[in-house]
Every structure is written in C-alpha cells, then in structure tokens.
Amino acid sequence: MAHSMSDAELKDIYTFALDVGRRAGKILIDGVDKRTGESSKREEGEGKVEEKMNAVDIVTQTDLDVEAFVKDEIVKRFPEHKFIGEETYSAGASRDYLIGSEPTWCLDPLDGTVNYTHLFPMFCVSIAFCLNGIPIVGVIYQPVLDTTYSALVGYGAWQDDSHPHKTRKSLPLVNTPKQVLPANAPKGCIFSCEWGKDRRDTEGGNMWRKVNSFVNMAAEIGGRGGKGGMVHGVRSLGRDVAAGICILREAGGLITTANPPPNPETDPIEEVRLGSRLYLAIRPAGDSEKETGRQAQERVVRETWKRVLKLDYTRPGA
C-alpha cells in the first residue's frame, strides 16, 4: 500500500534529521577522543579515571551508541515510523530486504568503520528517511569537517543548512554551470570504488573480478585488450547508500547498477532501487554542444559497463 505525507511533514522530518545527524556526530568525535587519549586527559583533570578500552571495543561501542541515540530520538519524535539500523540489521539472523512502503528510517551510525578504526578522517553519520521504498530525505554529517550534506526530494541537495526555504549552497560545490563530463570518459574522471568484505583469493571470484575491473578502469587507453579506461585517479574512501542515493539524485546525478547487462551498449539504463548490492553513481553533469548532461551520464555508464566484470552478488529486492 502506497503511503503519502504532506510537504510540511517532510520538511519537519528533514530538519529533524539534520539536527539528529549533527548531534550523533558528536558521539563519533567523543570516540576519537577516547582513542587518542584526549578524553582520558580531560577525565583525569576532573578526577575521573576510567578503565581504558581497547581500540576495537571503542569503535564497536561508539557504533552502538550512535545507533541507540538516533533510534531513541526517532522513537520519541516519530513512534509510528519503522527503524532499520545498520548495526542491529547486521546482528540479526535475517538478511531479508527490510524496507517496504511504510515510513522507514535507515541509519548507518558509522559509515566508514574501517576509516574510523584507523583514525582516517573520512567517516560520517548517514541517515535516510524512506517512503514507499524510496529515500525521500538524506543526511550525511562528516564530523571531522563539521560538514553536513543533505537532500529533501523536490528541494535539491545542499550543504550546511537546515531550512529548505532559505538560500543555500547547492551540491556539487562547483555547479554553476555544472561541469561537463569528458568526451572520452572514463578517461579524465575520478573513479571511486569499494573493495567489500569478500576477500577470498579464488580465481574468478568476486575479489578477483573486482581487482580486474579496477585495473581495467586504470589502465592506459588501448591496454587490457581494449578495456583500458585511463581514469585520472582511483579512490576508495568508504561508502554510503540510502542517504547518498537521495543526495545524489537531488543534485542531478544518476545511479544505476554496477553489474553490466548482457548488452552494455544497448540495454536500458534503469534507476537503481534501494536494496541492491551493486551501485554505479555518476556525478551531475552539464550540457555541452554535442549532448545533454543526461546523455553524457548515460554514455559514461555504458563505457564503465564495458570495462567491469559481472559480480556474483544476490539479495532480496536486488
């Protein structure tokens, strides 16, 4: 059954998510302080010396603390809404796809756990509100930079402002006009990838296919049997899904499946649905004399599909 909400209700949810995301980020920074000893120094100065936790315990506890905090805030404000947290979902026995049509909050309390574990500053709180299976509100708060990226469907994607009706800075940061995608893309583009958890060293397995796909994208033009994409750089900084989908779409980006179809040059490019395992995101793009921004995005999707290998991932709803 389809659900609907008024514009005022959605704005209220958006503003609430921004506030909760920023407050949750403070818990992540507190965890960093515990890791670096800053918290202990302050506590000793106050006459409070607590038993020191090891780094792994601190990360785990911080993850759980952020999820518990956000869930508690949501339950108090919106008790009728469904809540799905990354930590509680991972700990459960079921791997069924859990986001249905009802109003649902989807939270990754610590997006970038590996980065956080190693004190690499690319980590965030990721909060999404979904309606009818679609991310309607997305909030990503990066506490080290004290920067929030957010979106409310129909109002665009924004940086660091909590009121949809005010003048704000739009995403991407350089978008007046939006940058044109290179004519020979993926050459000249930054390629962001994610290794995933499957590290089995099996020829033909998912890790093997990923590594070969990444090398294809990076290799010189004409190399790798014509699959070389010569991207400008390769980055692996962590990932976000539900909130990121909302923000990217509202910023004018395109997101589809990363698994290439049987006919990459002609098969339709469909918007990915939440719950898939593999995503290919293309940044917002401006029009050129030869093509529209959307045409350029679709061109880059097809060129990427030609260079990546199909991965064996399945999940309900994918």
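Tabulated values for the structure
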item	result
Qualifying position, being of a type outside the set (Val, Ile, Thr), out of contact with any Leu (no Cβ under 9 Å at 6 or more places or on another chain), at positive phi and part of a loop (DSSP other than H, G, I, E, B), among GLY225, GLY238	GLY238
Matching entry among ASP240, ASP312, ASP267 (being charged (D, E, K, R) and in contact with a strand residue (DSSP E or B) (Cβ under 9 Å, 6 or more places away or on another chain))	ASP240
Given (1) among the hydrophobic types (A, V, I, L, M, F, W, C); (2) modelled with pLDDT of 95 or more; (3) in a loop (DSSP other than H, G, I, E, B), index of the condition VAL272 fails	(2)
Conditions (1) modelled with pLDDT under 90; (2) out of contact with any helix residue (DSSP H, G or I) (no Cβ under 7 Å at 6 or more places or on another chain); (3) surrounded by 14 or more Cβ atoms within 10 Å (Cβ to Cβ); (4) closer than 27 Å to GLY275 by Cα; number of the one not met by SER192	(1)
Qualifying residues in region 227-264 (those that are touching a helix residue (DSSP H, G or I) at 6+ places or on another chain (Cβ under 6 Å) and among the small types (Gly, Ala, Ser)) - the one farthest from LYS306 (Cα to Cα)	GLY238
Options TYR313, TYR279: the member that is of a type in the set (Phe, Trp, Tyr) and in contact (Cβ under 8 Å) with a residue 60 or more places away in the chain	TYR313
Matching option when the condition is touching a helix residue (DSSP H, G or I) at 6+ places or on another chain (Cβ under 8 Å), at pLDDT 90 or above and part of a loop (DSSP other than H, G, I, E, B), among LEU119, LEU110	LEU119
Residues satisfying the stated conditions in region 284-309, i.e. buried (at least 16 other Cβ atoms within 10 Å of the Cβ) and either modelled with pLDDT under 95 or among the hydrophobic types (A, V, I, L, M, F, W, C) (or both)	PRO284, ALA285, ALA296, VAL300, VAL301, TRP305, VAL308, LEU309
Any hit, region 76-86, residues being modelled with pLDDT under 85, assigned to a helix (DSSP H, G or I) and either of a type outside the set (Asp, Glu) or in the same structural domain as LEU145 (by TED's automatic domain parsing) (or both)	yes
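The values are calculated or read from the model by the stated rules, or taken from the named source; none is laboratory data. Here the structure is a predicted model, which is why all the values come from computation and not from measurement. Using ideal geometry, Cβ is built from the backbone for each residue, glycine included, and neighbour counts are taken over all protein chains shown.
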